[in-house]
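Beneath this line is the structure, given in C-alpha cells, with notes to follow.
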Amino acid sequence: MNSPIAMNAPQPPAADVAVRAFAPASVGNIGVGFDLLGHAIDGPRDIASVRRIDAPVVRIRAIRGDVPGADSLPLEAERNTAGRALIALRDALSLPFGFEVELEKGIPLGSGLGGSAASCVAALVAANALLDAPLSRDALYPFALQGESVASGSVHGDNVAPMLLGGVVLAPPHRMIALDVPDWLHCVVVHPDQVLETRRARAALAEPYPLSQLVHQTSHLALFLTGLQRGDAQLIRDGLIDVLVEPRRAQLIPGFAQVKQAALDHDALGASISGAGPSVFAWFASKAQAEAAAPAMREGFVSAGYDARAYVSPVAGPRAEVLP
C-alpha cells in the first residue's frame, strides 16, 4: 500500500466552508476483469458536500436525490459507504477533527453503475481538500475500498479506482494502475428500470468454476489488455468475451440478451454486464458507432417491458473532482 504522502496543494478552506466534489458512474469488471478492471463514464454522478467539524466524529447529515431509494440509505456513518470511508481516513491520520457530510445521489441504486462506490469517492475527494496536507489519489484508495465494502460485502476496487483516476484502471487490492486507452474507444451503457442488489448478483457466482473455464477467461483477459496497450481493436474484440460471470448473471437481467445482441448487430467490439448489473455496456471503435447503437440497445430493454436510459461516453471517462 502506498504511504499517504501529501501532495503540493493550496491551503485548505476554512473549517466552516463546505467542499463539494463529484464522482462519476463506472463500468465495473468490463466483462473479463471481475473485481479487477473498471472504467469511468461521463454520465450520472454522485455529489458529496463535506465540512470540517470540531467533534472527532463523522456525521451523515442528509442524503438527497431523484433516484428511487435514496431516502432509504443509512444516515449512520458506519453503515454508509461515504461515512465508513471518512471514518477510515480520520482514524488512519489521527485527525483531531471530524467531518459532516451531505450526499446528492445521481446514480441509481442497484444499477451496476457504481453508485455505492461513487458516494464514498466523492466524499473522500471533498474531505481530502479540507485536510491541512491533502493526500495523493493513491493514498485515498484504501479508504475508498473500506467504504465501498459496506455495500458489496467484499473488498474490490473495480469501481472506486476508475473513479479516483479516471479512464480504465487495473485495481488489485493494494494499488491502482491506470491503463492506456485509445481516444477513439467509446461505450454505450444502458440502465433499465430494474434493481439488482450486488449481494444477490455475487451469490450467483458461489459455485466453483472448472479450471478449463478459468484458463479460457485468462486468455481473454490477456488479449483484452494487450489490445488496450497496442490500441488494437481486433485484439480488444477477441478479448472482450466473459465466459465466467455473464453466463451466471444474465438470467437475473430480463432483456439482457436482446440488449447485447443489439450492440453486436451494430458492430460492438464486445458487450456484457456493467458491474453487478442490471446495466449493460458495450464498447465501440468510434463515437459515431456508439451513438448509432444506443437507441437499439435501449430498445432491447423496452421490448422486455422495462424503460431504460442510454449513455454514450468515451471509455476514458472523467475522474472525481472538487466542484467550483
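For every helix of n ≥ 4 consecutive DSSP H residues, a contribution of -39,500 (n - 2.57) applies; sum these over the chain, divide by its total residues, and give [θ] at 222 nm rounded to the nearest 500 deg cm²/dmol.
-10500 deg cm²/dmol
Quick one: Leu140, Leu214, fewest Cβ neighbours within 10 Å first, how do they rank?
Leu214, Leu140
Which of rounded, prolate, oblate describes the stretch 180-314, given a ≥ b ≥ c as roots of the alpha-carbon gyration tensor eigenvalues and a/c under 1.5 marking rounded, otherwise prolate only if a/b is larger than b/c?
Because a/c hits 1.5 or more and a/b fails to exceed b/c, the stretch 180-314 counts as oblate.
Which whole-angstrom value gives the distance between the alpha carbon centres of the stretch 170-235 and the stretch 17-47?
Cα centroid to Cα centroid, the span is 14 Å.
If we sort 19-29, 284-294 on the protection proxy, mean other Cβ atoms within 10 Å, highest first, what's the order? Don't jump to the answer; show the numbers that get you there.
Values: 19-29: 27.0, 284-294: 19.2.
Those peptides, ordered most packed to least, come out 19-29, 284-294.
In whole angstrom, note down how far apart the Cα centers of the stretch 62-102 and the stretch 278-316 are.
First find each Cα centre; the distance between them is then 32 Å.
To the nearest 10 degrees, how steeply does helix 211-230 sit against the main Cα axis of the chain, on a 0 to 90 scale?
Roughly 80 degrees between the two axes.
For the chain, build the charge dipole from Cβ charges (+1 Lys, Arg; -1 Asp, Glu) around the Cα centre, then report which of Ser272, Ala123, Ser212 sits farthest towards its positive end.
Ala123
Can you sort Asp232, Asp158, Asp307 so the residue with the fewest Cβ neighbours within 10 Å comes first?
In increasing order of surrounding Cβ atoms, one gets Asp307, Asp232, Asp158.
Would you please give the FRET efficiency between Gln251 and Ser72, computed as 1/(1 + (r/R0)^6) with r the Cβ-Cβ distance and R0 = 30 Å, to the nearest 0.05?
Details: r = 27 Å, r/R0 = 0.89.
According to the calculation, E is roughly 0.65.
So how tilted is helix 81-93 from the main axis of the chain? Cα-based, degrees 0 to 90, rounded to 10.
Computed tilt is about 50 degrees.
Over the stretch 19-176, what is the mean sequence separation of C-alpha contacts under 8 Å (at least six apart), divided by residue count, expressed as relative contact order in percent? Please list the in-between numbers first.
Numbers: 396 pairs, mean separation 51.7, N = 158.
33 percent.
Fewest to most neighbouring Cβ within 10 Å: what's the order for Arg59, Arg249?
Numbers: Arg59 17, Arg249 23.
Listed from fewest to most nearby Cβ atoms, that is Arg59, Arg249.
Calculate how steeply helix 115-128 sits against the longest principal axis of the alpha-carbon atoms of the chain, using the helix alpha-carbon long axis, and give the answer as 0 to 90 degrees to the nearest 10.
Long axis of 115-128 versus the principal axis of the chain: about 40 degrees.
The numbers here are math on the coordinates, done by the rules we state, and not lab data. All values derive from a computational prediction rather than experimental measurement. Note that each Cβ is placed from the backbone with ideal geometry, even for glycine, and that neighbours are counted across all protein chains shown.
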